[in-house]
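S.K.: One structure coming up, written as structure tokens, with questions to follow.
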Amino acid sequence: MGDPRRAGAAAGTGAAGFSAAGRLIELAEAVRADPALSRDALAALLARHGEHPADLVPEAFGEPDAAVLRAAARRMAPVLAETDEDRAARALNGLLEECGGRPRLTRHDGHPWHLHADRADGGDWGDWFLASGALALAQLLTEHGRIVWGACPAAGCGRLFLGTGPGSARRYCSPACATRARVAAHRRRRREGASGPAAAGGGPAISPLP
């Protein structure tokens, strides 16, 4: 991140698949699943998403840097779980104003032109992550006109996901979770039907949907 030609993050998904939103989701989810995710694991994740190896050696990205990055990932989690577009927009505006990352177009390492959010003067890895992540989500909200990310509501899941593919808006992280939630809802309706007026002697129960 030290080289200004490399600093920041692509805010969308370019022709070469360079996605700050994808990196944001993966890193925030990794920290959600393991709050003590190691410095080495964080560095490897950042490297997979285009950060230059020279910026990720222990001398440039040490444990204090990893700690602030983990804190920033935890801070982004509520934004990534937000379902109301107006609240999401206010949260993103607040992060962009606070972190002061300057967006600019850049092209490097074989990637096409894309927006970066540079670190503000004196900013750290956490500020960079918040600014670049907020910029990425703001672009997605603008492009799609709705929230295309979320936290899976399936019982026992909560996994963060990005749903930018074709079709209607996604609510679940995977078809498996969506199926599990539908089955659970169907069983709940059956139980409620079984304990309805007929069970209490107060009249016929309404048959549950198939």
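S.K.: Between a residue in segment 81-99 that is within 16 Å of G145 (Cα to Cα) and any residue that is outside any helix (DSSP H, G or I) and open to solvent by 50 Å² or more (accessible area, probe 1.4 Å), which pairs come within a Cβ distance under 7 Å, given they are 6 or more apart or on different chains?
M.R.: E85/R146
S.K.: Report the residue count in segment 34-71 for those that are touching a residue at least 60 places away in the same chain (Cβ under 8 Å) and either part of a helix (DSSP H, G or I) or open to solvent by 50 Å² or more (accessible area, probe 1.4 Å) (or both).
M.R.: 2
S.K.: Would you be able to say whether some residue in segment 164-182 is in contact (Cβ under 8 Å) with a residue 40 or more places away in the chain, outside any loop (DSSP other than H, G, I, E, B) and touching a helix residue (DSSP H, G or I) at 6+ places or on another chain (Cβ under 9 Å)?
M.R.: So far as segment 164-182 goes, no, none of its residues is in contact (Cβ under 8 Å) with a residue 40 or more places away in the chain, outside any loop (DSSP other than H, G, I, E, B) and touching a helix residue (DSSP H, G or I) at 6+ places or on another chain (Cβ under 9 Å).
The values are calculated or read from the model by the stated rules, or taken from the named source; none is laboratory data. Remember, it's a predicted structure, so these values are computed and weren't measured experimentally. Positions of Cβ are generated from backbone atoms using ideal geometry, with glycine treated the same way; all protein chains shown enter the neighbour counts. When the accessible area is computed, the model is the full protein with side chains, heavy atoms only, and any ligands, DNA or RNA have been set aside. Shrake-Rupley method; radii C 1.70, N 1.55, O 1.52, S 1.80 Å.
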